[in-house]
Amino acid sequence: MSMQESTPQSAAEQPATPFDWLGGEPAVERLVNRFYDLMDLEPGYRELRASHGTTLDDARQKLFWFLCGWLGGPQHYQDRFGHPRLRMRHMPFKIGIQERDQWLACMDQALRDVGAPPELHQRLNQSFFQTADWMRNTPA
Ligand code: HEM
């Protein structure tokens, strides 16, 4: 058996980073826009929407910059603001189980809507869960 044959196909075909796998900056932009559009539109995300300000423009821009780096692409967020310190930056907002679960459901729906590859989608759901759960700052 040659070296090539012994390499699992998925590993050989898989792009180097989740950022590339998703489709680079245009795909991250589509994802973030869909995420905040859904947050604005869907009654199921009402409490999550309520913890945000009147406009979501600032959040859209910042989540786009942040996710590019978090997915293994360019560090736009860090270049501008330094270390994200996400937990600390979210302290002004109530994040309980309900907000966590609405954030995750909204992101799950956005990933589906932009056509993220299923294997990547599943991995990202797991990583987002870790991050969102760690950001809870109120028990309820
Ligand atoms: C779990 C529930 C969450 C709630 C309720 C929440 C809420 C918010 C709110 C209200 C803002 C401020 C938006 C603005 O500037 O107008 C914000 C900013 C932000 N959020 Fe979240 N968020 C949550 C989870 C997450 C997660 C899981 C991530 C990352 C994976 C994330 C990444 C960010 C980033 C990067 C910013 C911009 C921070 C800054 O520089 O000001 N958030 N979030």
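The values are calculated or read from the model by the stated rules, or taken from the named source; none is laboratory data. Treat the numbers as computed from the prediction; the structure is a model and nothing was measured. We place every Cβ from the backbone using ideal geometry, glycine too, and count neighbours over all the protein chains shown. In case anyone asks, the SASA skips ligands and DNA or RNA and just uses the protein heavy atoms, side chains included. Shrake-Rupley method; radii C 1.70, N 1.55, O 1.52, S 1.80 Å.
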Counting every C-alpha pair in the chain, the percent lying more than 27 Å apart is 23
Given unit charges at Cβ for Lys, Arg (+) and Asp, Glu (-), the dipole magnitude of the chain about its Cα centre in debye, nearest 20, is 600
Asserting the computed 222 nm helical MRE of the chain (DSSP H runs at least 4 long, -39500 (n - 2.57) per run, divided by residue count, to nearest 500) equals -19500 deg cm²/dmol
Expected field for L71, accessible surface area in Å² at 1.4 Å probe radius, rounded to 10, holds 10
HN-Hα couplings for region 116-127 via Karplus (6.51, -1.76, 1.60; θ = phi - 60°), in whole Hz with x for Gly/Pro, come out as 4, x, x, 5, 5, 3, 5, 5, 5, 4, 5, 5
Mean-square fluctuation maximum in Gaussian network of the chain, Cα pairs under 10 Å, restricted to M91, M39, M107, hits M91
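With a probe of 1.4 Å, find how much accessible area the chain has per residue, and write the answer as a whole number in Å².
Dividing the accessible area of the chain by its residue count gives 60 Å².
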For M88 the rounded accessible area (nearest 10 Å², probe 1.4 Å, non-protein molecules ignored) is 100
Listed residues P74, P18, P84; largest mean-square fluctuation, Gaussian network over the chain with Cα springs below 10 Å, found at P84
The base-10 log of I(q)/I(0) that the Debye equation returns for region 12-84 at q = 0.11, 0.13, 0.19, 0.24 Å⁻¹, one scatterer per C-alpha, is -0.32, -0.44, -0.81, -1.04
Out of Q109, A27, G53 - ranked by how far each Cα lies towards the positive end of the dipole of the chain, with unit charges on the beta-carbon of charged residues - the top one is G53
Of all trypsin sites (Lys or Arg not before Pro) in region 60-90, the ones in DSSP coil with at most 14 other Cβ atoms within 10 Å are R85
Distance in Å, no decimals, from the C-alpha centre of region 89-140 to the one of region 26-51 is 12
